Amino acid sequence: MATPKPEADQQSLRAGGRVINFGPGPAMLPLEVMTRAQQEFFNYGGLGVSIVEISHRSKDFVSVVEEASALFRELVSLPENYSVLFVHGGARMQFSAVPMNLIGRKPASKAAYVETGVFSATAIKDAGAYGTIETIASSRNVKFARIPDLDPGRVSKDTSYLHITTNNTAYGTRWNTFPDAGDVPLVGDATSEILSRVMDYARFGVVYASFQKNLGPAGTAIVVVRKDLFGNALPQTPPLLNYAAVDKGQSLTNTPSTFNIYFAREVMRWIKNLGGVREMERRNNEKAKLLYDCLDSSAFYKPLADKAHRSMMNVTFDLPTPQALEAFLKEAGKEGLYALKGYRDVGGIRASIYNGMPLAGVQALVSFMREFERKQG
Ligand SMILES: *Cc1c(COP(=O)(O)O)cnc(C)c1O
């Protein structure tokens, strides 16, 4: 394993007039990858053209897709019986693609969903067009501040799949252990935490994530599918959404977002060089702990997510008054701490600290928070 390079410090984070970006997505990407993409944008690999100017069927681009896929497999220790697909339309498109590909598995055309926030609610709504959707647990009654209790034994055998959102971006909660519904395949929307923690993919039938939180620019998603689930697509499924067809075409059914896939490959090379997902997880835990310790040791800030289900990617909290909140956002902005405003239905503050956010960025936020509390508290 290569020796991990020292992380960016606060000074390098702010170089070139950049701010420290806590936005939920599209989000901050690793500085090293941004710089490399900039350097080779004009003339990719000495070809004399940009990566965005070459054919998706050229050997140079095909090798990018192949390496991206191989790197993902390696980083998550993906079992052989899974395929890795790159598809258009981000995660939202998967809210339709999942039922189109899976709900026909059983004659009842039924799927079970757990409602843990705005994205799972939209997934439930979108899936409704293709079959019977049962919301088997929800934490709506506590404003999605926790993951609801769930008895997976309640999922009946004629259910085609069970859908969860592994990390809830708006509320700052995550599943620490995943439900086991026996033969009913588990489907996970891991958009806001892909490659941020060690996850056992063998527990899932399908895992999907759009790029713009941990992988690269928006518009593309990675979809991991257990191969025995191919072949159940509804007849009206468009070829670009049909998992088996995309797999057969090696994610090149039509022209994919070549830049996005290139960028994700660079992000995954970066993760691998730093020591893989385990090292990413260690860093993410360290970053999140710094913030949560600051919240827990304060009588001023009010953490919003239940302690047992706290996200390591999105840290949510509130301030004592709307005036204090407004002042916090204004002063943070002046300090170059960007996009900290909470999700509109939640309010308060949300600090998104994905893989691309170095420890130094979180340290800058925590220093600001301590100073703000001292002045206001
Ligand atoms: C951001 C996000 C989405 C939406 O992704 P799009 O690419 O905009 O479709 C879906 N699910 C989760 C959990 C997210 O964080």
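A few points about this structure:
- Pairs linking a residue in segment 54-67 that is assigned by TED's automatic domain parsing to the domain that holds N254 and within 13 Å of R265 (Cα to Cα) to a residue that is modelled with pLDDT of 95 or more and basic (K, R), with Cβ atoms under 9 Å and 6 or more positions apart or on different chains, are V64/R265; V65/R265; E67/R265; E67/R269.
- Residues satisfying the stated conditions in segment 204-219, i.e. more than 10 Å from the ligand (Cβ to nearest atom) and of a type in the set (G, A, S): G205, G216
- Scan of segment 94-134 for residues that are more than 16 Å from the ligand (Cβ to nearest atom), of a type in the set (V, I, T) and either assigned to a strand (DSSP E or B) or outside the structural domain of A209 (by TED's automatic domain parsing) (or both), ordered by number: T132, I133
- Among the residues listed as E32, E67, the single one being surrounded by 15 or more Cβ atoms within 10 Å (Cβ to Cβ), under 23 Å from P358 (Cα atoms) and acidic (D, E): E32
- Within segment 20-52, the residues that satisfy the criterion of being touching a residue at least 24 places away in the same chain (Cβ under 8 Å), assigned to a loop (DSSP other than H, G, I, E, B) and either of a type in the set (G, A, S) or more than 17 Å from K213 (Cα to Cα) (or both) are G23, G25, A27.
- Inspection of segment 85-93 identifies at least one residue that is assigned by TED's automatic domain parsing to the domain that holds N242, within 27 Å of E281 (Cα to Cα) and surrounded by fewer than 18 Cβ atoms within 10 Å (Cβ to Cβ).
- The requirement of being farther than 30 Å from Y343 by Cα, basic (K, R), more than 15 Å from the ligand (Cβ to nearest atom) and surrounded by fewer than 18 Cβ atoms within 10 Å (Cβ to Cβ) is satisfied by K59.
- If you go through segment 122-141 and keep only what is touching a residue at least 60 places away in the same chain (Cβ under 8 Å) and within 22 Å of A305 (Cβ to Cβ), you end up with just A123.
- Cβ pairs under 9 Å, 6+ apart, first in segment 100-113 and on the phi > 0 side of the Ramachandran plot, second of a type in the set (G, A, S) and buried (at least 18 other Cβ atoms within 10 Å of the Cβ): S109/G131; S109/S160
- Residue match in segment 62-85 (condition: under 18 Å from the mean Cα position of the chain (by Cα) and within 16 Å of the ligand (Cβ to nearest atom)): yes
- Residue within segment 222-236 that is over 22 Å from the mean Cα position of the chain (by Cα), under 22 Å from A68 (Cβ atoms) and either surrounded by fewer than 16 Cβ atoms within 10 Å (Cβ to Cβ) or within 16 Å of the ligand (Cβ to nearest atom) (or both) present: yes
- Residue selected from segment 119-141 under the condition within 23 Å of the chain's Cα centre (by Cα) and over 18 Å from T191 (Cβ atoms), by the criterion surrounded by the fewest Cβ atoms within 10 Å (Cβ to Cβ): R140
- Test: residue in segment 198-218 that is under 25 Å from Q38 (Cβ atoms) and surrounded by fewer than 21 Cβ atoms within 10 Å (Cβ to Cβ): yes
- Scanning segment 156-186 for residues being modelled with pLDDT of 95 or more, hydrophobic (A, V, I, L, M, F, W, C) and either away from the ligand (no atom under 13 Å from the Cβ) or in contact with a His (Cβ under 9 Å, 6 or more places away or on another chain) (or both) gives a total of 5.
- Check on L78, within 15 Å of V224 (Cβ to Cβ) and either in a helix (DSSP H, G or I) or not aromatic (F, W, Y) (or both): yes
- The residue that is farthest from the ligand (Cβ to nearest atom), counting only those in segment 187-201 that are closer than 20 Å to A111 by Cβ and without any contact (Cβ under 8 Å) to a residue 40 or more places away in the chain, is G188.
The values are calculated or read from the model by the stated rules, or taken from the named source; none is laboratory data. All values reported here derive from a predicted model rather than from experimental measurement. No Cβ is skipped: glycine too gets one built from the backbone with ideal geometry, and neighbour counts run over all protein chains shown.
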